[in-house]
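Participant: My questions will all concern the structure given below.
The values are calculated or read from the model by the stated rules, or taken from the named source; none is laboratory data. Treat the numbers as computed from the prediction; the structure is a model and nothing was measured. Using ideal geometry, Cβ is built from the backbone for each residue, glycine included, and neighbour counts are taken over all protein chains shown. When the accessible area is computed, the model is the full protein with side chains, heavy atoms only, and any ligands, DNA or RNA have been set aside. Shrake-Rupley method; radii C 1.70, N 1.55, O 1.52, S 1.80 Å.
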Amino acid sequence: WILLDGVTLQCGDAACLRVDQADKVFLTLAAGTENTLIGPESMSDAALEDETNAVIFAHDDLTINGSGSLTITAGCLHGLDANDDLVITGGTLNVTAPKDGIRGNDSLRITEAEITVSAGDDGLVVNHDCGYLVIASGRIDIISGDDAIHTAGEVTIEDGMLTLNAEDDAIHSDTAIRVYGGNITITDCYEGLEAVIVEQYGGDVTIY
């Protein structure tokens, strides 16, 4: 368990925070605090050999909770990356990265969080073919140079407020997108919702 209570961390050649081995890690943002992590302009050879590619990098499961704020600024590569499951259950996250903003390899689940991402490539990413992304609630604003949301597996949106501005797809899945509720506003895109299967059961979707 790691508590961030009003800290600023900066690393010159690797991740500010790296999880080497754990069953799961809880990263808590203390109430009323502002926390800042600043990544390097380039990763060291040792970091790249370890596959460290983000300001926060976890080899295992990572959960971010609490009600404070966290600002992540990546000088290279990605903002936040978990090699297994990534869960965000609260707090305010502001992520800026030249590559992807927030990545979960196996899954990404978001609830009760306020997330702002400015990414050169994709905003939210799930890489694994059997992985999935679930947005249960919260507020998400993304500006991306490629897809705002990109997954190999399914995307499920249960509720929440999403504002997406994408150079390519606003929401892309290689398999299926299912919208059950919430408010999705796509202010700019090449394609709005793209998947083999797109199902909308509720909610409001506006696409420009």
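Participant: Separation between the residue 176 and residue 207 pseudo-spin-labels, each 7 Å from Cα along Cα→Cβ, expressed in nm?
Facilitator: 1.9
Participant: Using the Cα gyration tensor of the range 42-189, with a ≥ b ≥ c the square roots of its eigenvalues, what is the shape: rounded (a/c below 1.5), prolate (a/b larger than b/c) or oblate (neither)? Spell out each step's value before the answer.
Facilitator: Numbers: a/c = 1.42, a/b = 1.39, b/c = 1.02.
It comes out rounded by the Cα gyration axes.
Participant: Roughly how many whole Å is it from the C-alpha centroid of the range 130-152 to that of the range 74-104?
Facilitator: 11
Participant: Here's something else I'd like to know. Amide H to amide H, which residues 5 or more places from residue 154 or on other chains are under 5 Å from it, using H placed in the peptide plane?
Facilitator: Those qualifying (amide H under 5 Å, at least 5 residues apart or on another chain) are 133, 176.
Participant: Oh, and also: State, to one decimal in nm, how far the label point of residue 1 lies from the label point of residue 49, with both points 7 Å from Cα in the Cβ direction.
Facilitator: The modelled label-to-label distance comes out at 3.6 nm.
Participant: Ignoring ligands, DNA and RNA, please state the percent of accessible area on the chain from carbon and sulfur, probe 1.4 Å. The partial results should precede the final answer.
Facilitator: Details: 3980 of 8860 Å².
Result for the chain: 45 percent of the exposed heavy-atom area is carbon or sulfur.
Participant: While we're on this one: Heavy atoms only, 1.4 Å probe, whole protein assembly: order 16, 130 by accessible area, highest first. Please list the in-between numbers first.
Facilitator: On the way: 16 30, 130 110 Å².
Descending accessible area places them as 130, 16.
Participant: What order do 61, 100 take when sorted by accessible area (1.4 Å probe), most exposed first?
Facilitator: Per-residue accessible area, sorted high to low, gives 61, 100.
Participant: Around residue 29, with a cut-off of 13 angstrom between Cβ atoms, what is the net charge of the other residues, counting Lys and Arg +1 and Asp and Glu -1?
Facilitator: Overall, the nearby charge balance is -4.
Participant: Separate question: Using unit Cβ charges (K, R positive; D, E negative) and no other charged atoms, how large, in debye to the nearest 20, is the dipole of the range 20-70 about its Cα centre? Before the final figure, lay out the partial values.
Facilitator: Working: 1 positive and 10 negative charges, 75 e Å.
Taking the Cα centre of the range 20-70 as origin, the dipole is about 360 debye.
Participant: FRET efficiency for residue 196 and residue 167, Cβ-Cβ distance as r, R0 = 22 Å, nearest 0.05?
Facilitator: Working: r = 22 Å, r/R0 = 1.00.
Step by step, r from the Cβ atoms, then E = 0.50.
Participant: In nanometres, what is the gap between the two model label sites at residue 10 and residue 42, each 7 Å from Cα along Cα-to-Cβ?
Facilitator: Between residue 10 and residue 42, the label points sit 1.9 nm apart.
Participant: Which order do 175, 151 take by accessible area at a 1.4 Å probe, largest first? Intermediate results must be reported in sequence, preceding the final value.
Facilitator: Working: 175 50, 151 0 Å².
The ranking, largest first, comes out as 175, 151.
Participant: Here is a follow-up. Hey, what's the chain come to in accessible area per residue, 1.4 Å probe, Å²? List each step's numbers first, then the result.
Facilitator: Details: 8860 Å² over 208 residues.
Heavy-atom accessible area per residue stands at 43 Å².
Participant: Between rounded, prolate and oblate, where does the range 10-60 land on the alpha carbon gyration tensor, with a ≥ b ≥ c its root eigenvalues, rounded for a/c under 1.5, else prolate if a/b exceeds b/c?
Facilitator: Working: a/c = 4.11, a/b = 1.32, b/c = 3.12.
Judged from the Cα gyration tensor, the range 10-60 comes out oblate (a/c at least 1.5, b/c at or above a/b).
Participant: Another question about this same structure. With the Cα gyration tensor of the range 87-134 giving a ≥ b ≥ c as the square roots of its eigenvalues, does the rule (a/c under 1.5 for rounded; else a/b larger than b/c for prolate; else oblate) give rounded, prolate or oblate?
Facilitator: Because a/c hits 1.5 or more and a/b fails to exceed b/c, the range 87-134 counts as oblate.
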